[in-house]
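**Student:** Dropping a structure here in structure tokens format, bear with me for questions.
The values are calculated or read from the model by the stated rules, or taken from the named source; none is laboratory data. Worth saying up front: this structure is predicted, and the values here are computed from it rather than measured. Glycine gets a Cβ as well: all are built from the backbone with ideal geometry, and neighbour counts include every protein chain shown.
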Amino acid sequence: MIQLMNNEVYILKKLAQDSGDVCLLSALEGHMGKVWIDCNKTPQLGFIVVADFCYILGKCKGREDEQSISNLLEYAKGKLIKIEDPKWVQVIQSYSPERFKRFNRYSTKREATRFDIDLLGVYIRRVEENFEIKRIDAQMFEKILVNPFMADLCCFFSSIEDYMTNGFGYIIEHENEIVAGASSYSFCEGMIDITIGCVTEYRGKGLAKAVASKVILESLEKKIYPVWDAVDQRSIALANRLGYEYDQEYEVYMI
């Protein structure tokens, strides 16, 4: 497999031309992550690592393909692996049977007209009665990066400058501690992925709804669609209250 430079990743776009996955598209637009292909001219296989995800593109046609992907699975350790061809499941499992895991995730439909702008504003104002919602700036960026619970808000951008240019988000602090935040996790043309966090003892106060509402509203102002991909049912329930509609459950894998 051949690793591509950022200015070469367009070679692989045909294998992902129907994808709406923001992290994958971010990698294929040269913004984030690392990309490998099986050949430069007409690639049939792609292996992409970006943020907390790994993607295997193309169909598994035999032992040579299995070996090509197995040689790269070291880079996928600890990542959520998304595949197109079910045959890759056996390849992943065979690589490390004792550490192989399956998880379910939940996607939402892409319907910007469903958002109730007035309701999102209500969520924000309710919280602002007791907490200050702050936009992430350069100083806050550094504070977030050293916070293990909140680092995902910014950590996959290459620098402060990259985040300030291509990302945006909001946090809530209480007693100098970041207790809730929402931000663009990754980005591609016309879309961002939203990531969100709220410290356990501050849940149930509407903080997550408020910071997520701020990100959604800014996305709509920028004519960017804020994609919500959920890790569990609690995340889907929050998404529903914000105006998203559940789409489907899908399976991912981890080594």
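**Student:** Where residues in segment 234-246 are charged (D, E, K, R) and closer than 18 Å to residue 219 by Cβ, which of them is surrounded by the most Cβ atoms within 10 Å (Cβ to Cβ)?
**Tutor:** Across segment 234-246, the extreme among qualifying residues is 241.
**Student:** Can you name the condition, by its number, that residue 46 falls short on among (1) under 20 Å from residue 189 (Cβ atoms); (2) in contact with a Lys or Arg (Cβ under 9 Å, 6 or more places away or on another chain)?
**Tutor:** Here residue 46 meets the rest and fails (2).
**Student:** Tell me which residues, restricted to segment 240-255, are under 21 Å from residue 180 (Cβ atoms) and either without any contact (Cβ under 8 Å) to a residue 24 or more places away in the chain or within 15 Å of the chain's Cα centre (by Cα) (or both).
**Tutor:** Let us first name the residues in segment 240-255 that are under 21 Å from residue 180 (Cβ atoms), namely 240-244.
Of everything in segment 240-255, just one residue is under 21 Å from residue 180 (Cβ atoms) and either without any contact (Cβ under 8 Å) to a residue 24 or more places away in the chain or within 15 Å of the chain's Cα centre (by Cα) (or both), namely 240.
**Student:** Is at least one residue of segment 75-98 more than 22 Å from the chain's Cα centre (by Cα), surrounded by fewer than 19 Cβ atoms within 10 Å (Cβ to Cβ) and β-branched (Val, Ile, Thr)?
**Tutor:** There is no residue in segment 75-98 that is more than 22 Å from the chain's Cα centre (by Cα), surrounded by fewer than 19 Cβ atoms within 10 Å (Cβ to Cβ) and β-branched (Val, Ile, Thr).
**Student:** Which one is farthest from residue 218 (Cα to Cα) among residues in segment 123-150 that are surrounded by 14 or more Cβ atoms within 10 Å (Cβ to Cβ) and without any contact (Cβ under 8 Å) to a residue 40 or more places away in the chain?
**Tutor:** Among those that are surrounded by 14 or more Cβ atoms within 10 Å (Cβ to Cβ) and without any contact (Cβ under 8 Å) to a residue 40 or more places away in the chain, it is 147.
**Student:** Restricting to segment 1-36, name every residue that is basic (Lys, Arg) and either surrounded by 15 or more Cβ atoms within 10 Å (Cβ to Cβ) or under 20 Å from the mean Cα position of the chain (by Cα) (or both).
**Tutor:** 13, 34, listed by residue number.
**Student:** Please work out if residue 70 is surrounded by fewer than 20 Cβ atoms within 10 Å (Cβ to Cβ), modelled with pLDDT of 95 or more and not charged (D, E, K, R).
**Tutor:** Against the criterion (surrounded by fewer than 20 Cβ atoms within 10 Å (Cβ to Cβ), modelled with pLDDT of 95 or more and not charged (D, E, K, R)), residue 70 qualifies.
**Student:** Looking only at segment 153-174, count every residue that is buried (at least 17 other Cβ atoms within 10 Å of the Cβ) and either in contact with a strand residue (DSSP E or B) (Cβ under 8 Å, 6 or more places away or on another chain) or not in a loop (DSSP other than H, G, I, E, B) (or both) and tell me the total.
**Tutor:** Going through segment 153-174 one residue at a time, the tally reaches 11.
**Student:** Among the strands (runs of 3 or more DSSP E) confined wholly to segment 1-115, which include 3 or more residues that are hydrophobic (A, V, I, L, M, F, W, C)?
**Tutor:** In segment 1-115, the matching strands (runs of 3 or more DSSP E) lie at 34-37, 46-50, 53-57, 80-83.
**Student:** Can you find, within segment 181-213, the residue that is surrounded by the fewest Cβ atoms within 10 Å (Cβ to Cβ) among those that are in contact with a Cys (Cβ under 6 Å, 6 or more places away or on another chain) and over 24 Å from residue 29 (Cβ atoms)?
**Tutor:** Applying the filter and picking the extreme gives 208.
**Student:** Something else now. Residue 205 passes all but one of (1) without any contact (Cβ under 8 Å) to a residue 60 or more places away in the chain; (2) farther than 17 Å from residue 137 by Cβ; (3) charged (D, E, K, R); which number fails?
**Tutor:** Just one mismatch for residue 205, condition (1).
**Student:** For segment 192-234, what are the residues that are among the polar types (S, T, N, Q) and at pLDDT below 95?
**Tutor:** 200, 233 - these are the residues of segment 192-234 that are among the polar types (S, T, N, Q) and at pLDDT below 95.
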